[in-house]
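Below is one structure, written out as structure tokens, with a few remarks after it.
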Amino acid sequence: MTGAILNAAGIVAGGLFGLTRRTPLAPQTQAFFKLALGVLTIFYGLRLAWLSIGGNFPHVLKQIAIAFLAVMVGKLAGQWLRFQKASNWLGKFACGLIERTKPDDPQRFTNGLNACAILFCASPLGILGAVQDGLPGQPDGVGYFYPLAVKGVMDGLAMISLVTLFGWGAMLAALPVFVLQGSVTLACTLYLEPFLRVHGLVDSVNAVGGLIVCSVGLVIFEIRKVELADFLPSLAVAPLLAWLWR
């Protein structure tokens, strides 16, 4: 559960930094972090997809076709299940708590904890990263924790501003984030990974996961709007297609 630990640590670190530094980050610093996070997200996404594709040329073409087909079918399933609409609703609810809360609000502590927990837990990258952290995505067989590490930096930067409004209680959002992501990672490690490994389907999930992680970079750079939550069913569609297309 390395990724879940890093994500929670990023939230706490950002909160502590925000409590000691009352002035916001300079625009140049914000631009640097935006560039760095965008580049790292695309890099780690492409790396995961690259590590998941191998074999002779026809087999590589087959794996690429399965990955792109899974992304397309998964997006249609996500739209039908309204994953992005649910994610947007949670985001608007959290933003409403932020807008309504004043520095002297007696509900400041509770609103801060709820708003931050919803924002950080409802992130599609958090769910995707927790799944990848529970599956062997690196040459040494270790879980691919890098997406959650990047998310930890994102959440930490957001916490710098949120903690000035809500106080130290906002940092407690690290606990539900760790519990949610850790539970998903543990479930994938104990139950999903053995099943996928026996049937040779781990690479199909990782390849699709890498493509979705890359799309996060498009959102960071504001190149285009990507409905990330709608792509999550692709993680389930990929092994199904790989099993059928043998």
Legend entry - helices (runs of 4 or more DSSP H) wholly inside segment 1-105 containing at least 3 residues that are surrounded by fewer than 19 Cβ atoms within 10 Å (Cβ to Cβ) and basic (Lys, Arg): 83-100
Legend entry - So Phe120, is it over 30 Å from Arg197 (Cβ atoms), buried (at least 19 other Cβ atoms within 10 Å of the Cβ) and at pLDDT 90 or above: yes
Legend entry - Residue selected from segment 165-184 under the condition of a type outside the set (A, V, I, L, M) and buried (at least 23 other Cβ atoms within 10 Å of the Cβ), by the criterion nearest to Gly14 (Cα to Cα): Phe166
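Just give me the residues in segment 42-94 being among the charged types (D, E, K, R) and within 22 Å of Gly143 (Cα to Cα), in sequence order.
Taking segment 42-94 as the starting set, the residues that turn out to be among the charged types (D, E, K, R) are 47, 62, 75, 82, 85, 92.
Answer for segment 42-94, where residues must be among the charged types (D, E, K, R) and within 22 Å of Gly143 (Cα to Cα): just Arg47.
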Legend entry - Condition broken by Ala187, with the remaining ones in (1) touching a residue at least 60 places away in the same chain (Cβ under 8 Å); (2) touching a Gly at 6+ places or on another chain (Cβ under 8 Å); (3) of a type outside the set (Ser, Thr, Tyr) satisfied: (1)
Inset, instruction - Pick out the one residue from Ala207, Ala236, Ala187 that is crowded, with 24+ Cβ neighbours inside 10 Å, in a helix (DSSP H, G or I) and either modelled with pLDDT of 90 or more or acidic (Asp, Glu) (or both). - result: Ala207
Inset, instruction - Give the residues of segment 121-161 that are over 19 Å from Ile220 (Cβ atoms) and among the aliphatic types (A, V, I, L, M), sorted by residue number. - result: Ala130, Val131, Leu135, Val142
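Does Leu162 qualify as being surrounded by fewer than 20 Cβ atoms within 10 Å (Cβ to Cβ) and either aromatic (Phe, Trp, Tyr) or under 24 Å from Asp105 (Cβ atoms) (or both)?
On the way: surrounded by fewer than 20 Cβ atoms within 10 Å (Cβ to Cβ): no; either aromatic (Phe, Trp, Tyr) or under 24 Å from Asp105 (Cβ atoms) (or both): yes.
Considered against the rule, which asks whether it is surrounded by fewer than 20 Cβ atoms within 10 Å (Cβ to Cβ) and either aromatic (Phe, Trp, Tyr) or under 24 Å from Asp105 (Cβ atoms) (or both), Leu162 comes out as no.
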Legend entry - Selection from segment 210-231 of residues that are at pLDDT 90 or above and among the aromatic types (Phe, Trp, Tyr): Phe231
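Suppose we filter segment 128-171 for residues that are of a type outside the set (A, V, I, L, M) and assigned to a loop (DSSP other than H, G, I, E, B); how many remain? Before you say what the answer is, go through the steps one by one.
So in segment 128-171, the residues of a type outside the set (A, V, I, L, M) come out as 129, 132-134, 136-141, 143-147, 151-152, 155-156, 161, 164, 166-169.
When the remaining residues are screened for being assigned to a loop (DSSP other than H, G, I, E, B), the result is 134, 137-141, 144-145, 167.
Adding up the residues that qualify gives 9.
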Legend entry - Failed criterion for Ala26 (all others in (1) closer than 30 Å to Leu162 by Cβ; (2) modelled with pLDDT of 90 or more; (3) over 17 Å from the mean Cα position of the chain (by Cα); (4) not acidic (Asp, Glu) hold): (2)
Inset, instruction - Please go through segment 106-127 and pick out each residue that is part of a helix (DSSP H, G or I) and under 16 Å from Ala8 (Cβ atoms). - result: Leu113, Cys116, Ala117, Ile118, Leu119, Phe120, Cys121, Leu125, Gly126, Ile127
Inset, instruction - Kindly indicate whether any position in segment 129-149 is surrounded by fewer than 22 Cβ atoms within 10 Å (Cβ to Cβ), under 30 Å from Pro27 (Cα atoms) and under 19 Å from the mean Cα position of the chain (by Cα). - result: yes
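The values are calculated or read from the model by the stated rules, or taken from the named source; none is laboratory data. These numbers were taken from a predicted model, which means no experiment stands behind them. We place every Cβ from the backbone using ideal geometry, glycine too, and count neighbours over all the protein chains shown.
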